[in-house]
Amino acid sequence: MANSLYVTIIIVVLCVNNVYSKLKPIPDYLHICRRSNPDIPKCIIESAYFLRTKLAEGIPEFDVAPMDPMLINTLIPTNGNGLKIETTNLLVTGTSNFTITHLIADIDKQEYKFQVRFPHMHILGNYSIDGKIARLIIKGQGDFDLDIYGVKCNVSLLGNIIDIDGLNYIRFHHISLRIAINRGSIELRNLFGGDKNLGKFIDLILK
């Protein structure tokens, strides 16, 4: 998800700075935001929205994999509530249904800050869990089904324009992402060997 967000804005930023146009012809699905535009942030947001369909199916020329559904091989293991959880083989849907609520663009400093929201995302995948809660040993692995709602992503990009062999390139030396989730629900299958009562108990703890 994060990579797709970065790439969406970076592609538009390239066009704002007329970088991409010097490398090859601009495809029809990229809407150019000129530096002379009196409202650059609005233009970037509208350009990103116009890219929704292309992002969902993928943009091979930018090495962008399909966004909806999105395949993620593995996520960084998380530790919390006395549990270590690893997730793999994730299939994420709902990522192309995004809105950009605000965007600050400083073209001279090549600094871009924006917030992206997703109303609902559905994630299927595999999990492994190991740890204990209140002296209860929790260990298992299997499939999981996760729904999350009200996802907010605050993204910050900071870069500079560099010259390589007479062509301008943008190098982003700072990229940060902060994610907040309003609510969610998860079902861990095959936990405790399929004991539904214990499984529901853990599902409540993880919410």
Unmet requirement for Ile129, which otherwise passes all of (1) in a strand (DSSP E or B); (2) under 20 Å from the mean Cα position of the chain (by Cα); (3) not small (Gly, Ala, Ser): (2)
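Yes or no, residue by residue, for (1) over 21 Å from Asp147 (Cα atoms); (2) at pLDDT 65 or above; (3) not in a loop (DSSP other than H, G, I, E, B):
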position: Ile170; (1), (2), (3): yes, yes, yes
position: His173; (1), (2), (3): yes, yes, yes
position: Ile179; (1), (2), (3): no, yes, yes
position: Asn182; (1), (2), (3): no, yes, yes
position: Ser185; (1), (2), (3): no, yes, yes
position: Gly193; (1), (2), (3): yes, no, yes
position: Leu198; (1), (2), (3): no, no, yes
position: Phe201; (1), (2), (3): no, no, yes
position: Leu204; (1), (2), (3): no, no, yes
Checklist (1) of a type in the set (Val, Ile, Thr); (2) surrounded by 14 or more Cβ atoms within 10 Å (Cβ to Cβ); (3) more than 15 Å from the chain's Cα centre (by Cα) applied to Val155, failing item: (3)
Residue among Ile161, Ile133, Ile138 that is touching a residue at least 24 places away in the same chain (Cβ under 8 Å) and surrounded by 15 or more Cβ atoms within 10 Å (Cβ to Cβ): Ile138
Residue within the range 58-66 that is more than 20 Å from the chain's Cα centre (by Cα) and either assigned to a helix (DSSP H, G or I) or within 22 Å of Asn182 (Cα to Cα) (or both) present: no
Selection count where residues are assigned to a strand (DSSP E or B), at pLDDT below 85, open to solvent by 60 Å² or more (accessible area, probe 1.4 Å) and not charged (D, E, K, R), scope the range 72-91: 4
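The values are calculated or read from the model by the stated rules, or taken from the named source; none is laboratory data. Given the structure is predicted, the values throughout are model-derived calculations rather than measurements. Heads up, the Cβs are rebuilt from the backbone with ideal geometry, glycines too, and the neighbour counts pull from every protein chain shown. Heads up: the accessible areas ignore ligands, DNA and RNA and are worked out on the full protein's heavy atoms, side chains in. Shrake-Rupley method; radii C 1.70, N 1.55, O 1.52, S 1.80 Å.
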